[in-house]
């Protein structure tokens, strides 16, 4: 079963608040026949759009294709949090890769946030950017560790944008009695991700990128992308498919697992919004299956929580997500949920992204593990620079490449293995372990 077609209608955005509050571009025509380009890119999410834009700005002739629409996948469905740091903390990175590369990985993450903000400004993208992402800790030991970590980041990484909060501080900010402490990163922020994707597409088109929607790649070889109704011959090919890679490149696909995550949007809260968040920030908590939330510009609570590990989304997404939402905000029990949607993302064994060159002239960046809004955008710039000859940041990311996941190759057994492992960690969350 192909995840591209498991849960969605062909060529249509999901029934999300993002789709309802964005103005899509007119459809781009499907690819017909054979064409030639310097660079062919498969996948029009943040990675593909950013690669296309930055490569075109360097003078390359670029063709970008997507099986559905611009920003159709995780890029147009996520929590909208644009956060500094890798998915793993700096303690892990220093132990795994050494202090020098850990510092470079930190700098990459800070660059990724700045790139998103600069692209919004440079191209006039109405993405509703807001500063501030908070981390909220469920236990006192986690809050103590977060305070010590914030102090270390300020000291060792020259990052002075973290505001540490005690128990009273986090509860006053978040409007929930559930948490024991946390920190706000004022160097990070949040935005409307689908509007951002559409803005990148508009900028890429203006830079000369040829975009084809409803054009699913059926095979990718060195210098050749085949689709149902045409082919692209290119000097360089970029795989920017993330959780939707499927069988296009099996060695790369073995580096990650595709899982599903879910979000709801409540009715507009009006004056009640201040009881949820005292400031217009985004929040992510310390659970393994992370809860994350923020307010929309029309004062809805956008709350993400819950995962599943098969191909199909659950029938009652709203019911699934309402449970963790009410654990944090029990006073919202009577609030109506207007939108509920799911999306597919790719997670790796180490939670570090997978930057690789599967073959000469073939590039891939994926596996952002739920931390991809900023990094996927920078990944496109990194890949474009690597194609142009500057591999500095590409090599830094490639040295942190995750290993292949030791699981059965049969799709059914693979998904069952994922479900067992991830469900165990979800149980630990519920037990407070």
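All of the numbers you see were taken from the coordinates with simple rules; none came from a lab. The shown structure was predicted, so the numbers you read here are calculated from the model rather than taken from an experiment. Heads up, the Cβs are rebuilt from the backbone with ideal geometry, glycines too, and the neighbour counts pull from every protein chain shown.
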### Message
Step by step: first the residues of region 51-84, then only those that are within 22 Å of residue 301 (Cβ to Cβ) and not in a helix (DSSP H, G or I), then the one that is farthest from the chain's Cα centre (by Cα). Which residue is that?
### Response
83
### Query
Inside region 1-41, can you point out the residues that are buried (at least 17 other Cβ atoms within 10 Å of the Cβ), under 18 Å from residue 237 (Cα atoms) and out of contact with any helix residue (DSSP H, G or I) (no Cβ under 7 Å at 6 or more places or on another chain)?
31, 35, 37, 40
### Task
Determine whether residue 126 is closer than 23 Å to residue 400 by Cβ and either in contact (Cβ under 8 Å) with a residue 24 or more places away in the chain or out of contact with any strand residue (DSSP E or B) (no Cβ under 9 Å at 6 or more places or on another chain) (or both).
no
### Message
If I go through region 109-134 residue by residue, how many of them are buried (at least 21 other Cβ atoms within 10 Å of the Cβ), part of a loop (DSSP other than H, G, I, E, B) and within 17 Å of the chain's Cα centre (by Cα)?
### Response
1
#### Entry: Failed item in (1) over 30 Å from residue 10 (Cβ atoms); (2) in contact (Cβ under 8 Å) with a residue 12 or more places away in the chain; (3) over 19 Å from the mean Cα position of the chain (by Cα), with residue 106 passing the rest
(3)
#### Entry: Cross-chain or 6+ apart pairs with Cβ under 7 Å, region 151-176 first and closer than 22 Å to residue 272 by Cα, then assigned to a helix (DSSP H, G or I)
175/275; 176/328
### Query
Restricting to region 135-150, what's the tally of residues that are part of a helix (DSSP H, G or I) and within 20 Å of residue 279 (Cβ to Cβ)?
4
### Message
Can you tell me which of (1) surrounded by fewer than 19 Cβ atoms within 10 Å (Cβ to Cβ); (2) over 26 Å from residue 43 (Cα atoms); (3) touching a helix residue (DSSP H, G or I) at 6+ places or on another chain (Cβ under 9 Å) is the one residue 303 doesn't meet?
### Response
(1)
### Task
Run down 233, 202 and say which single residue is surrounded by fewer than 22 Cβ atoms within 10 Å (Cβ to Cβ) and under 22 Å from the mean Cα position of the chain (by Cα).
202
### Query
From the list 367, 319, which one is without any contact (Cβ under 8 Å) to a residue 24 or more places away in the chain and either in contact with a strand residue (DSSP E or B) (Cβ under 8 Å, 6 or more places away or on another chain) or surrounded by fewer than 20 Cβ atoms within 10 Å (Cβ to Cβ) (or both)?
319
## Note on the structure
Screening 252, 218 for residues that are outside any loop (DSSP other than H, G, I, E, B) and under 23 Å from the mean Cα position of the chain (by Cα) leaves only 252
### Task
State whether one or more residues within region 226-238 are part of a loop (DSSP other than H, G, I, E, B) and over 29 Å from residue 147 (Cα atoms).
yes
